[in-house]
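Presented below is the structure to which this report refers.
The values are calculated or read from the model by the stated rules, or taken from the named source; none is laboratory data. Owing to the predicted nature of the structure, the values given are computational and were not obtained by experimental measurement. Neighbour counts run over all protein chains shown; Cβ positions are idealised from the backbone, glycine included. Remember, those area values only see protein heavy atoms, side chains included, never the ligands or the DNA or RNA. Shrake-Rupley method; radii C 1.70, N 1.55, O 1.52, S 1.80 Å.
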Amino acid sequence: NDSQKMWIQKCKQLFISTHNYEFFNLLKEMPTSKGFGYDKKNKKEIRYFISRKVNDSEIVCLPKVYDDFKSEYHYLFEQIFEFSKESPSEKVLIMPNILRRFLEIYTLAKYPSTEEVDDRATEIWNNEISKRICKPFHYFSHFNNIDRIGQHSELLADISQSCKELIKQLKKDKTHYKALQATL
């Protein structure tokens, strides 16, 4: 329509600063003029980020993770999904925390309660599946024993199986899984 054409003609570059991630995602969905600030080769807008340091700031290209995912939840799912297909992976040491965070969000959404993540997972699946998924992330995301600092554990091998079991369980939640797959 004419008002949209006027906006495109008058506005060659737009600066919006926000701390609101939902608003940021809404802006990403708006149509672009494909003019200045548009990467014609990759057919994407170019977005920037203010990188703050102690006594300095600079404008840099927006990190890919902010542009590619609508939420932390979608990012975490993608990490778990990709890790469950790889073997072995260099991400093995960070996966327990990724798994924990994803399960905290998923179980709270599926079973809103004040219970701990394990109890919510048991309520959603059963005790055996819950333990299978949760055991490795508990061991590796809580460093409460000084003896564990200098050694690896055989539970490292269980992290991949936990992720695979989680993906298997998510597939049973067909609508939710389909929506998660659409974010990849």
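Step through the residues of region 133-138 one at a time and calculate ³J(HN,Hα) from phi using the Karplus curve (6.51 cos²θ - 1.76 cosθ + 1.60, θ = phi - 60°), rounding each to whole Hz and writing x for Gly and Pro.
Residue by residue, region 133-138 yields 7, 7, 3, x, 6, 5 Hz.
How big is region 82-123 by Rg and Dmax over its Cα atoms, in Å?
12.5, 36
Within straight cross-link reach of LYS91, meaning Cα distance under 14 Å, which aspartates and glutamates are found once same-chain residues fewer than 8 apart are removed?
Once the sequence-local aspartates and glutamates are set aside, what remains near LYS91 is GLU78, GLU82, ASP158.
Search the structure for amide H atoms under 5 Å from the amide H of GLU45, placed 1.01 Å from N in the peptide plane, and list their residues when 5 or more places away or on another chain.
ASP39
Enter the Cα centre distance for the pair region 164-184 and region 87-134, rounded to the nearest angstrom.
Cα centroid of region 164-184 versus Cα centroid of region 87-134: 14 Å apart.
Taking the Cβ-Cβ separation of ASN20 and ILE105 as r and a Förster radius of 25 Å, what is the calculated FRET efficiency to the nearest 0.05?
Efficiency at R0 = 25 Å is approximately 0.85.
Less than 18 Å from a label point 7 Å out along the Cα-to-Cβ axis of GLU86: which backbone N atoms in region 161-184 qualify, by residue?
Of the residues in region 161-184, 161-167, 184 have backbone N under 18 Å from the label point off GLU86.
For the cross-link pairs LYS28/LYS171; LYS64/LYS135; LYS131/LYS172, which exceed 20 Å when the distance is taken from alpha carbon to alpha carbon? Write out the running numbers ahead of the final one.
Details: LYS28/LYS171 29 Å; LYS64/LYS135 31 Å; LYS131/LYS172 18 Å.
Listed pairs above 20 Å: LYS28/LYS171; LYS64/LYS135.
Please work out how much length the chain gains when fully extended from VAL60 to ASN97, using 0.36 nm per residue of separation minus the C-alpha to C-alpha distance, in nm with one decimal. Present the calculation step by step, with values, prior to reporting the outcome.
Numbers: separation 37, 0.36 × 37 = 13.32 nm, distance 2.79 nm.
This chain segment gains 10.5 nm when fully extended.
Any idea how far apart ASP67 and ALA157 come out in nm if each label point goes 7 Å out from Cα toward Cβ?
4.2
Treat each spin label as a single point 7 Å out from the Cα along the C-beta direction, and report the GLU128 to LYS172 distance in nm.
1.1
May I ask you to give the solvent-accessible area per residue for region 51-138, in square angstrom, as obtained with a 1.4 angstrom probe? Don't skip to the answer; put the middle values down first.
Numbers: 5280 Å² over 88 residues.
Accessible area per residue: 60 Å².
Can you pull the one-decimal nm distance between simple spin-label points at GLU29 and ALA182, each 7 Å off the Cα toward Cβ?
1.1
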